[in-house]
1. Quick check on my filter: what residues within region 114-130 are among the small types (Gly, Ala, Ser) and farther than 17 Å from residue 98 by Cβ?
2. If the Cβ limit is 7 Å and pairs must be 6+ apart or interchain, which residue in region 39-63 that is farther than 17 Å from residue 127 by Cβ and open to solvent by less than 60 Å² (accessible area, probe 1.4 Å) pairs with which residue that is of a type in the set (A, V, I, L, M, F, W, C) and in a loop (DSSP other than H, G, I, E, B)?
3. Of all residues in region 265-283 being farther than 13 Å from residue 67 by Cβ and of a type in the set (A, V, I, L, M), which is farthest from the chain's Cα centre (by Cα)?
4. Looking only at region 15-44, which residues are closer than 21 Å to residue 263 by Cβ and among the small types (Gly, Ala, Ser)?
5. Restricting to strands (runs of 3 or more DSSP E) lying wholly in region 95-210: which have 3 or more residues that are crowded, with 20+ Cβ neighbours inside 10 Å and either touching a Leu at 6+ places or on another chain (Cβ under 6 Å) or at pLDDT 95 or above (or both)?
6. When the residues of region 23-38 are filtered to those that are of a type in the set (Gly, Ala, Ser) and assigned to a loop (DSSP other than H, G, I, E, B), which remaining residue is surrounded by the most Cβ atoms within 10 Å (Cβ to Cβ)?
7. Could you list, in sequence order, the residues of region 230-251 that are assigned to a strand (DSSP E or B), at pLDDT below 95 and open to solvent by 50 Å² or more (accessible area, probe 1.4 Å)?
8. When you scan region 76-92, do you find a residue that is farther than 22 Å from residue 45 by Cα, assigned to a loop (DSSP other than H, G, I, E, B), touching a residue at least 40 places away in the same chain (Cβ under 8 Å) and not aliphatic (A, V, I, L, M), even just one?
Amino acid sequence: MTGRRPFIERLVGKVLRRPYRDALGRKGWLGPLLRAQPHVVRRYALTLPGWPRFGRPLRIVLLADLHVGSHSGDLARYAAIASEAAAFEPDLTLFGGDYVNMQLLGGGRVPPDVVAELLARIAGRHGRFAILGNHDYVYGEHEVTAALRERDIVVLDHERRTFAYENHAIDVLGVPDAHLVRPQAKALLAGLTPQRPAIVLAHDPAWFADVPAGPFLTLAGHTHGGQIKLPGLGVMINASRAPMHWTHGLIVENGRHLVVTAGLGTSGLPLRIGVPPEYVVIDVTGG
């Protein structure tokens, strides 16, 4: 979609009172009903064509779609998740957007600076990079970006950065948002060259369609893995332009690799069925 945001996002942006000020994420009398189910750690070991064969695989930790405050007890929950994720000692820590809770009802209005402090507890030997999701833009892109940058997390706004791992240069490209298609995103992806491996951090897996063949690993969220997966029916919607088979997990097409995380929070309703919250740990080397 180009141009204006979907009507529901514009409505939510007008109804919710910002800036958020509830650093405790209180849920009121609904609290006992709104606890998140236990999360899982989804692990992948990838051998990617065109990547260097490392002495030790590059370890990436990816967290996305936190929507902090969408469940009761979220501050303690995310503190525990941050501690657990940090224990994996990632070389690269990536945050895939949608940090704030934009559910219309139920409270939990946690401000971006509190969310950023939680995320900053996860180190990354070779860097920490973040992009914004559509909910972050609805809340206020400048406020969310500033909170992350104040915690020394690099926010990529249609940008490319480079880090070195075992003397090999690897690019990280950031493609934020989900509901607006910007020409700078298409230009950024068109600039990928097969001479250098790259990680494409995209909020929406729909951008995988624009990633050319080459030594490129695309990481995305946004879909929540469908959030609800019914027995016998599976996932019915993924809130994306991406085809349904790109909704969750590892996808390999024409030599290209995509990992889509189901994320950790919820939107719309504070409910998951058949799709537990998760974050992802990926070990990457070359073939």
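1. Of everything in region 114-130, those that are among the small types (Gly, Ala, Ser) and farther than 17 Å from residue 98 by Cβ turn out to be 120, 123, 124, 127.
2. From residues that are farther than 17 Å from residue 127 by Cβ and open to solvent by less than 60 Å² (accessible area, probe 1.4 Å), the pairs are 39/264.
3. Step one: of region 265-283, the residues farther than 13 Å from residue 67 by Cβ are 273-276, 278-283.
From what's left, of a type in the set (A, V, I, L, M): 273, 275, 280-282.
Values: 273: 20, 275: 16, 280: 10, 281: 13, 282: 14 Å.
Out of the qualifying residues, it is 273.
4. Result: 25, 36.
5. 128-130, 168-175, 198-202
6. Going through region 23-38, the residues of a type in the set (Gly, Ala, Ser) turn out to be 23, 25, 28, 31, 36.
With the extra rule that they be assigned to a loop (DSSP other than H, G, I, E, B), the set shrinks to 23, 25, 36.
Values: 23: 13, 25: 26, 36: 19.
The selected residue is 25.
7. Listed by number, the list holds a single entry, 230.
8. no
The values are calculated or read from the model by the stated rules, or taken from the named source; none is laboratory data. In this text the structure is predicted, and so the values were computed from the model without any measurement. Here the Cβ is made from the backbone with ideal geometry for all residues, glycine too, and neighbour counts use every protein chain on show. In case anyone asks, the SASA skips ligands and DNA or RNA and just uses the protein heavy atoms, side chains included. Shrake-Rupley method; radii C 1.70, N 1.55, O 1.52, S 1.80 Å.
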